[in-house]
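Here is the structure we will look at, set down as structure tokens.
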Amino acid sequence: MKSLALGGSIAGRPWKKTGYGLGLMIGEMEKAGLVYGHSGVGHESVSSLYCFPELPDRPVVAVFAQGTNEGTSEFEALNLALR
């Protein structure tokens with residue numbers, strides 16, 4: 001999957017490489033490899049929906065949480081995918 005590279009890691013979030021393509025975040029996360037999907041913040045809630053195509057069974061994970069820190073839902077999505 002092609003992406004427009006945005007840079008490296010994001011402080012407080014699980015990304016080690018970041019980019020966008022067709023409206024999706026596309027990059028890599030520690031221990032998971034390629035990841036694509038999107039995170040969002042609104043009205044004191046955060047959400048993340050990500051596909052992990054390089055992990056066994058290619059899990060797709062959705063996480064919703066209270067607060068405004070996207071890293072919270074992204075780390076939980078990563079943890080669920082790695083189970």
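When segment 11-54 is filtered for residues that are in a loop (DSSP other than H, G, I, E, B) and surrounded by fewer than 17 Cβ atoms within 10 Å (Cβ to Cβ), the ones remaining, listed by number, are Ala11, Gly12, Leu22, Gly23, Glu30, Lys31, His43, Glu44, Pro53, Glu54. Assessment of segment 26-36 against the conditions (over 21 Å from Ser9 (Cβ atoms) and not aliphatic (A, V, I, L, M)) yields no matching residue. Sub-8 Å Cβ pairs linking a first residue in segment 40-56 that is on the phi > 0 side of the Ramachandran plot to a second residue that is assigned to a strand (DSSP E or B), at least 6 apart or interchain, are Glu44/Gln66, ordered by first then second residue. Looking across segment 55-71, the residues that are polar (S, T, N, Q) and either touching an Asp or Glu at 6+ places or on another chain (Cβ under 7 Å) or outside any loop (DSSP other than H, G, I, E, B) (or both) come down to Gln66, Thr68.
Read-outs: derived from the displayed coordinates by stated rules, not from any lab. The shown structure was predicted, so the numbers you read here are calculated from the model rather than taken from an experiment. Glycine gets a Cβ as well: all are built from the backbone with ideal geometry, and neighbour counts include every protein chain shown.
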